[in-house]
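One structure below.
The values are calculated or read from the model by the stated rules, or taken from the named source; none is laboratory data. Everything numeric in this text was worked out from a predicted model, so none of it was measured. Cβ placement follows ideal geometry from the backbone for every residue including glycine, while neighbour counts extend to all protein chains displayed.
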Amino acid sequence: MSILLGTKENEDESVRSNLEVKVKWGVANLMQQQEVSRLKEVTSREYLAYQQNSSKSY
């Protein structure tokens with residue numbers, strides 16, 4: 001295995017792999033944010049339903 005430092009080809013490969021990592025992290029972060037907001041929405045809906053049910057007088 002030869003180490004190619006400073007060559008244009010090696011720089012391109014490095015930039016490309018850095019971009020791939022950034023894109024993967026970006027997608028993962030976006031999916032996580034969507035999941036968190038979805039969970040907050042579900043939780044608040046369930047909490048509101050619980051509040052409405054528990055405030056009924058029997």
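When the range 9-58 is examined, which residues are found to be of a type in the set (Phe, Trp, Tyr) and under 23 Å from the mean Cα position of the chain (by Cα)?
Residues of the range 9-58 that are of a type in the set (Phe, Trp, Tyr), as a first pass: 25, 47, 50, 58.
Selection gives TRP25 alone.
Would you confirm, using the coordinates I've provided, whether LYS22 is surrounded by fewer than 10 Cβ atoms within 10 Å (Cβ to Cβ) and at pLDDT below 95?
Numbers: surrounded by fewer than 10 Cβ atoms within 10 Å (Cβ to Cβ): no; at pLDDT below 95: yes.
No; evaluated as a whole, the condition is false for this residue.
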